[in-house]
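Reviewing the structure listed below.
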Amino acid sequence: MVLVSAIERGVNDHEVGRIVQFAIDHPAVRGINFQPAFHAGRYMEHDPLQRVTIPDVLRWIEEQTSGTFRQSDFVPIPCCFPTCNSVTYAYVDEEDGEVTPMPRLLDVEDYLDCITTAQCRT
């Protein structure tokens, strides 16, 4: 199961960390996708300068997980604009629930070519 949450400033931005913890604690959850709310059509009035961005979400993740995940644990998806989409993976130890983001274990830069060109550095 992958959790998908639309995040809106002042509505649920304070719950990002709880969503992450729920995902860590629930054995069926394998991922989370945080999507900044998109305002279009008949959506209520909004200030475009107050919209939620991916960097906002990453900051909230770090703050609300007490550093379990840091902004530096996330990398932009190679084929996107750097602030458009970021990703990380983590190992969760089944014994003690300890969470280790993969970028703390390996140099992610060594593997980005595998995604973009199907050629890995050795």
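The single condition among (1) among the β-branched types (Val, Ile, Thr); (2) at pLDDT 95 or above; (3) farther than 25 Å from Gln35 by Cα that Thr68 does not meet is (3). Do you know which of the residues in the stretch 50-82 that are part of a loop (DSSP other than H, G, I, E, B) and charged (D, E, K, R) is nearest to Ala23 (Cα to Cα)? Of everything passing the filter in the stretch 50-82, Arg70 is nearest to Ala23 (Cα to Cα).
Scanning for something surrounded by 13 or more Cβ atoms within 10 Å (Cβ to Cβ), touching a Ser or Thr at 6+ places or on another chain (Cβ under 7 Å) and of a type in the set (A, V, I, L, M, F, W, C), does the stretch 38-53 turn up at least one residue? No, the stretch 38-53 contains no residue that is surrounded by 13 or more Cβ atoms within 10 Å (Cβ to Cβ), touching a Ser or Thr at 6+ places or on another chain (Cβ under 7 Å) and of a type in the set (A, V, I, L, M, F, W, C). Taking the stated definitions as given, is Gln50 of a type outside the set (D, E, K, R), closer than 27 Å to Leu106 by Cβ and touching a Lys or Arg at 6+ places or on another chain (Cβ under 8 Å)? When the stated conditions are applied, Gln50 does not pass them.
The values are calculated or read from the model by the stated rules, or taken from the named source; none is laboratory data. Since the model is a prediction, treat every value here as computed from it, not as a measurement. FYI the Cβ positions are ideal-geometry reconstructions off the backbone, even for glycines, and counts take in every protein chain you see.
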